[in-house]
1. State all residues of segment 124-153 that are touching a helix residue (DSSP H, G or I) at 6+ places or on another chain (Cβ under 8 Å) and either more than 18 Å from Phe42 (Cα to Cα) or free of Cβ contacts under 8 Å to residues at least 12 places away in the same chain (or both); if no residue qualifies, say none.
2. For segment 257-284, name all the residues that are of a type in the set (Val, Ile, Thr) and touching a Leu at 6+ places or on another chain (Cβ under 7 Å).
3. Within segment 91-114, restricting attention to residues that are polar (S, T, N, Q) and over 20 Å from Val65 (Cβ atoms), which residue is surrounded by the most Cβ atoms within 10 Å (Cβ to Cβ)?
4. Quick one: how many residues across segment 13-51 are within 16 Å of Tyr122 (Cβ to Cβ) and either of a type in the set (S, T, N, Q) or not in a strand (DSSP E or B) (or both)?
5. Can you go through Val76, Val72, Val60 and tell me which one is among the aliphatic types (A, V, I, L, M), buried (at least 21 other Cβ atoms within 10 Å of the Cβ) and in contact (Cβ under 8 Å) with a residue 24 or more places away in the chain?
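The values are calculated or read from the model by the stated rules, or taken from the named source; none is laboratory data. Note that the structure is a prediction, hence the values are computed from the model and not measured. Every residue, glycine among them, receives a Cβ derived from its backbone with ideal geometry; neighbour counts consider all protein chains shown.
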Amino acid sequence: MPKMKVAQVAKPGADFEVVEREIPQPAPGQVRIRVHACGICFSDHLTKDGLWPGVAYPRVPGHEVAGEIDEVGAGVANWKKGQRVGVGWHGKHDGTCLTCRRGDFGNCPSLQVSGISFDGGYAEYMIAPVEALAAMPNGLDAAEAAPLMCAGVTTFNSLRHAGALPGDLIAVQGIGGLGHLGIQFGSKSGYRVVAVGRGPGNAPLAKKLGASAYVDSQATNAAEELQKLGGARVILATAPNSKSMSSLINGLGPNGKMVVLGAAPEPIEVAPIQLIQGKKAIQGWPSGIPTDSEDALRFAELTGVRPMIEKFPLSKVNEAFARMTSGKAEFRVVLTM
């Protein structure tokens, strides 16, 4: 039987080990993907460190997958061999629960997650349910497209549902793996984007990415600075720092909304009056379903939004994961096969 290489976690907390496995065959309702690139997302540590209940080990992480269909299982329609596809966080929904019956597939209580519920994209080949597939435009490089399957769709999808209109002021808190994409998507969508970061060092990059202004939260009161600009219709909170998020709430304008993407463990602190005055809101936002990913990919292809990436071969997966978690990477780290 032909073999493939995968990077697996043998048990919670273990280092990655690159091993050979037989290339699997897709079951009915599944496809086999030849993986070209897979982004390393910070949430992959949920698999690596055993923080997600019920994970069966050994497990291959990875939910920022870009590749092409290599084989289709029985009963698969509308997907063809050789077709470029991506796989993100949303691996499968049951289709029968109340939320699925209402079309809210992302909130399915039986949601399966790529690289957690089943083996993901840290591999030369992976099996995916058809429910997980997003069609990928030909104009996107696989290594650049891979992070758009999680970081990209999360920022794009949250922004387009946040209630801002073109010309409105939005603030992006944090200029990292999510934030650098949020600035680009916001600018290309016609919003007036203010980037909020710690220290003056990120100002040139923020402007290059499309921000019309930069606020240094260390040197100034960032909420007051946002109010001087008219108040933010949306604050996209991407950096996982609850204290920073809390300090920005007063920067919201009337009917303003803080959309929380950065998963910090500490609580966000807000007084009820801060929300009552001006009808302000705080909302969490997960990534999106595969059709949302398709929208994000098409928008990126159309407008030139691209992640800033560092590439590593699959054989250097431990070095790549350490680089991503160090906070020193060029925002997104991508494994290439």
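1. Of everything in segment 124-153, those that are touching a helix residue (DSSP H, G or I) at 6+ places or on another chain (Cβ under 8 Å) and either more than 18 Å from Phe42 (Cα to Cα) or free of Cβ contacts under 8 Å to residues at least 12 places away in the same chain (or both) turn out to be Glu124, Glu131, Ala132, Leu133, Ala134, Ala135, Met136, Pro137, Gly139, Leu140.
2. Result: Val259, single match.
3. Ranking the qualifying residues of segment 91-114, first place goes to Thr99.
4. Total satisfying the criteria: 13.
5. So the residue among Val76, Val72, Val60 that is among the aliphatic types (A, V, I, L, M), buried (at least 21 other Cβ atoms within 10 Å of the Cβ) and in contact (Cβ under 8 Å) with a residue 24 or more places away in the chain is Val60.
Residues are listed down the side, and each one gets a yes or a no for (1) assigned by TED's automatic domain parsing to the domain that holds Ala145; (2) surrounded by fewer than 21 Cβ atoms within 10 Å (Cβ to Cβ):
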site: Ala237; (1), (2): no, no
site: Pro240; (1), (2): no, yes
site: Met245; (1), (2): no, no
site: Pro254; (1), (2): no, yes
site: Met258; (1), (2): no, no
site: Gly278; (1), (2): no, yes
site: Met324; (1), (2): yes, no
